[in-house]
Amino acid sequence: MAKQLSFADKIKKGGKTQEFIVMCPDTNKETKVITVRLVESIKTEKGNYKYQDRIMKVYESTYKPYKG
């Protein structure tokens, strides 16, 4: 019977990502672009709260959205 990979082994095996370095327009310095999860709460007409979830890329130095 073959050895099954654990979830941690799968992550180690496939988690090779390159750093994405660009010039930040606000600071004029090289900075990394990172992926963050943004959750916004929106109040509906009935008074309930609805959550909007988005994943976006931002500059690491200023946390402003990356446009590119």
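The values are calculated or read from the model by the stated rules, or taken from the named source; none is laboratory data. Nothing here was measured: the structure is a model prediction, and the numbers come from that model. Using ideal geometry, Cβ is built from the backbone for each residue, glycine included, and neighbour counts are taken over all protein chains shown.
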Residues being closer than 25 Å to K67 by Cβ and either in contact with a Lys or Arg (Cβ under 7 Å, 6 or more places away or on another chain) or of a type in the set (A, V, I, L, M) (or both) - total across the stretch 25-52: 8
Test: D26 is surrounded by 10 or more Cβ atoms within 10 Å (Cβ to Cβ) and either in contact with a strand residue (DSSP E or B) (Cβ under 7 Å, 6 or more places away or on another chain) or modelled with pLDDT under 80 (or both): no
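Condition (residue is at pLDDT 95 or above and of a type in the set (G, A, S)) applied to the stretch 10-17: is it met by at least one residue? So that I can check it myself, show each step before the final result.
Taking the stretch 10-17 first, the residues at pLDDT 95 or above are none.
The answer is no, given that none of the residues of the stretch 10-17 is at pLDDT 95 or above and of a type in the set (G, A, S).
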